Amino acid sequence: MTGTVPRRAARVRAPELVGAGGWLNTGGKAYRLADLRGRVVVLDFWTFCCVNCLHVLDELRELEERHRETLVVVGVHSPKFAHEAEHAAVVDAVERYGVAHPVLDDPELATWKQYAVRAWPTLVVIDPEGYVVAQHAGEGHVHAIERLVGELEAEHAAKGTLRRGDGPYVEPEPEATALRFPGKVLALPGGTFLVSDTTRHQLVELAEDAETVVRRIGSGGRGFTDGPAETAAFSEPQGLALLDDGGIVVADTVNHALRRLDPATGAVTTLAGTGRQWWRGSPTGGPARATDLSSPWDVAVFGGRVWIALAGIHQLWTYDPATETVAVAAGTSNEGLVDGPGAEAWFAQPSGLAATPERLWVADSETSALRWVEPDGSVHTAVGTGLFDFGHRDGSAEQALFQHPLGVTALPDGSVAVADTYNHALRRYDPATGEVSTLATDLREPSGAVLAGDDIVVVESARHRLTRLRLPEEAVRVDAVAHRTPRAATEVAPGRLALDVIFRAPAGQRLDGRHGPATRLLVSATPPELLLGGDGAGTALTRELELNPAVPEGVLHVSATAASCDEADPDAAGETYPACHVHQQDWGVPVRLVAGAADRLPLVLTGLDGRS
């Protein structure tokens, strides 16, 4: 009898970590992979504009704590926007989002290219001997990575190749400022200002001078606790809005919740959200306290309801105070820029809201766009073209450019001021003329603003303060600057292109098809004419696309979802209920059509999970 021996998969040595910006959170020391040998290493490829990357930072915190003697997480910051390539901006972002592990600043995407990364966020697992053993794109994979880390710890402890001890993280010295990376501001009826002091997990009331602290609300520790001002807890709060009953609604972003502040007593209660993050397949409405949300970034009262910018799933939801329910109002949860009826529109991290009687203005940050919603729910775009075009350019709305705006404020004359965050500017759009102008520059990462008489008070988030400006009668003109995302376009052949989303259920899990297909794939393009065939939704993770040779370049938008459940434990007594997981990722892949180039486009949702 003869047989064959299974061939071992080739082991892939992890490429070196290189980045022109150097290292953060290491006390000034530069690291090589050899310095981390003996530890399990997780590389987190992230960029600070990306809300999905921020979700992964939150997911990693508990994993890091449970395995702090054997695991090292290294953030590899890989910028999308021009501003994100500035080293000082990365330093700010690391503090702003509480990143408690070493970060390699890679402004030229050198390490990104070495690891063939295609999407933010991507996690890569390296074993204690320096070999790549897993790669996961998107969020929601930490449960699988934790299981793998446990297996690697056991294996390499037995081999004698596991090293325990303190990691390379060195906590920076904190700075004493009244505010720390504030997010949004609200003018209170008495003339004071309420500010979301985001990084310190508090709300702060400032006097009429916009500087003197009147009181703080919240314990200052990250948490999700209702109660009096001294003990209530938030987690990176952002948007604020005044309710008709005099209360204040707070977008408690990382708690995925809406909170209510009683300004008279300082008491905090929860209006909506469970504290859990919404995942595809979760209810899209219902009793507010029993429905999951995802990174609410701003709130505004419009048409008798509280509108919520759910940046985490690219949608607008509403909260009805009368019925205490929430519901989807606009957006499909796909990321992009598509106008039309609310149920068909696409957003990309809506992060700023401002209501007028006629319309709801939206700062749609990832498309660098200014959008609006009509009372009938239809969605329109005033300024912006898509995910990869941005800059600082005034003029007609058709050719004007923003860079990742986070805030919008309605002005008395019917125009709107836009907190053009990554351009460090306050911009103005006039619907009457269709013109965009610049009101002020040299505002460090403005993220919101509010009117105060003839002035506008701007949140300078990266300067940790509010800045009062007189609204000028004429805008300041600036030299036009246009950018495209620095990641290189993927060259593909015109005509037939095989799209292959690679998904392997993590070890100990299986695809979950009990309630219908376990996988879903949605494909579209910008411009739409790029695709002659293969667009739309389906259940297979492979798709044959037909690319139009008359369109030389564009962006393929790919959204993939896969559901898996833990395998049943054969040794468990009685009926068991396995934990189930959703793996999802959206890609925006810039492509250039070149004759003779590749006719296959592989995208990794999860791969290499396990050890060779």
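Find the relative contact order for the chain and round it to a whole percent, using C-alpha pairs within less than 8 Å whose residues are 6+ positions apart.
Contact order relative to length: 10 percent.
Hey, how many Å between the Cα centroid of region 335-392 and the Cα centroid of region 414-475?
Result: 18 Å between the Cα centres.
Between Ala540 and Thr265, with labels modelled 7 Å along Cα→Cβ, what's the label distance in nm to one decimal, could you check?
It is 6.1 nm.
Give a residue-ordered list of calculated ³J(HN,Hα) values for region 196-208 (Karplus: 6.51 cos²θ - 1.76 cosθ + 1.60, θ = phi - 60°; whole Hz; x for Gly, Pro).
Once θ is set to phi - 60°, the couplings for region 196-208 become 7, 8, 4, 5, 9, 6, 9, 10, 10, 8, 10, 5, 4 Hz.
Give me the percent relative contact order of region 8-173, please, defined on Cα pairs under 8 angstrom at least 6 residues apart.
With pairs under 8 Å counted, the relative contact order is 36 percent.
Name the residues whose placed amide hydrogens come within less than 5 Å of the amide hydrogen of Arg465, ignoring near sequence neighbours (fewer than 5 apart) on the same chain.
Those lying under 5 Å, H to H, from Arg465 are Glu460.
Evaluate the relative contact order of region 331-484 (contact order divided by residue number), counting alpha-carbon pairs under 8 angstrom at least 6 apart; express in whole percent.
Reported relative contact order: 16 percent.
With N residues in region 8-173, what two-decimal value do you get for its Cα radius of gyration over 2.2 N^0.38 Å?
This ratio for region 8-173 stands at 0.96.
How far is the Cα center of region 228-300 from the Cα center of region 50-91, in Å?
Each part's Cα centre sits 25 Å from the other's.
Can you give the helix-only mean residue ellipticity at 222 nm for the chain, where every DSSP H stretch with n ≥ 4 adds -39500 (n - 2.57) and the sum goes over all residues, rounded to the nearest 500 deg cm²/dmol?
-2500 deg cm²/dmol
Using the Kirkwood formula over every pair of different C-alpha atoms, what hydrodynamic radius in Å results for the chain?
25.2
From the phi angles alone, apply the Karplus equation (6.51, -1.76, 1.60; θ = phi - 60°) to region 327-340 and give each ³J(HN,Hα) in whole Hz, x where the residue is Gly or Pro.
So the Karplus estimates, Gly and Pro as x, are 7, 5, 10, 7, x, 8, 5, 7, 9, x, 10, 9, 8, x Hz.
Distance check, please: which entries in Lys29/Lys113; Lys113/Lys184; Lys29/Lys80 exceed 31 angstrom between their Cα atoms?
Lys113/Lys184
Give the calculated FRET efficiency between Ala432 and Glu358 to the nearest 0.05, with a Förster radius of 22 Å applied to their Cβ-Cβ distance.
Efficiency, from the Cβ-Cβ distance: 0.95.
Per residue of region 397-412, what does 6.51 cos²θ - 1.76 cosθ + 1.60 with θ = phi - 60° give for ³J(HN,Hα)? Whole Hz please, x for Gly and Pro, Karplus curve as stated.
Coupling constants for region 397-412: 4, 5, 10, 5, 9, 10, 9, 6, x, 10, x, 9, 9, 6, 9, x Hz.
Can you give the net charge of the other residues whose Cβ lies under 14 Å from the Cβ of Gly533, counting K and R as +1 and D and E as -1?
So the surrounding residues net to -2.
Using only the Cα atoms of region 188-283, what are the Rg and Dmax in Å?
Here Rg and the maximum Cα pair distance are 13.3, 47 Å.
If you wrap region 331-484's Cα atoms in a convex hull and average its projection over all directions, what's the area in nm²?
Taking the Cα atoms of region 331-484, their convex hull projects to 8.4 nm² on average.
Skipping prolines and chain starts, which residues have an amide H placed within reach, meaning under 5 Å, of the one on Gly275, given they are 5 or more residues away or on another chain?
Here Leu293 satisfy the definition.
For region 129-222, I need the span (max minus min coordinate) of the C-alpha atoms along each principal axis, in Å, sorted largest to smallest.
67, 29, 20
Got a sec? Which residues in region 17-44 would a label at Tyr131 touch, if it sits 7 Å along Cα→Cβ and we count backbone N under 16 Å?
Under 16 Å, as judged by backbone N against the label point of Tyr131, lie 37-41 of region 17-44.
What nm distance separates the two modelled labels at Glu211 and Glu553, each placed 7 Å from Cα along Cα→Cβ?
4.8
Using amide H atoms built 1.01 Å from N in the peptide plane, name the residues 5+ places from Leu443, or on other chains, whose amide H lies under 5 Å from its own.
Long-range HN contacts for Leu443: Ala425.
What FRET efficiency do you get for Ala493 and Arg163 if R0 is 45 Å and r is their Cβ-Cβ distance, rounded to the nearest 0.05?
Efficiency at R0 = 45 Å is approximately 0.45.
Every number here is computed from the coordinates shown, using simple stated rules; none is lab data. What you are looking at is a predicted structure, and each value in this text was computed from that prediction instead of being measured. So basically every Cβ, Gly included, is an ideal-geometry build from the backbone, and we count neighbours across all protein chains shown.
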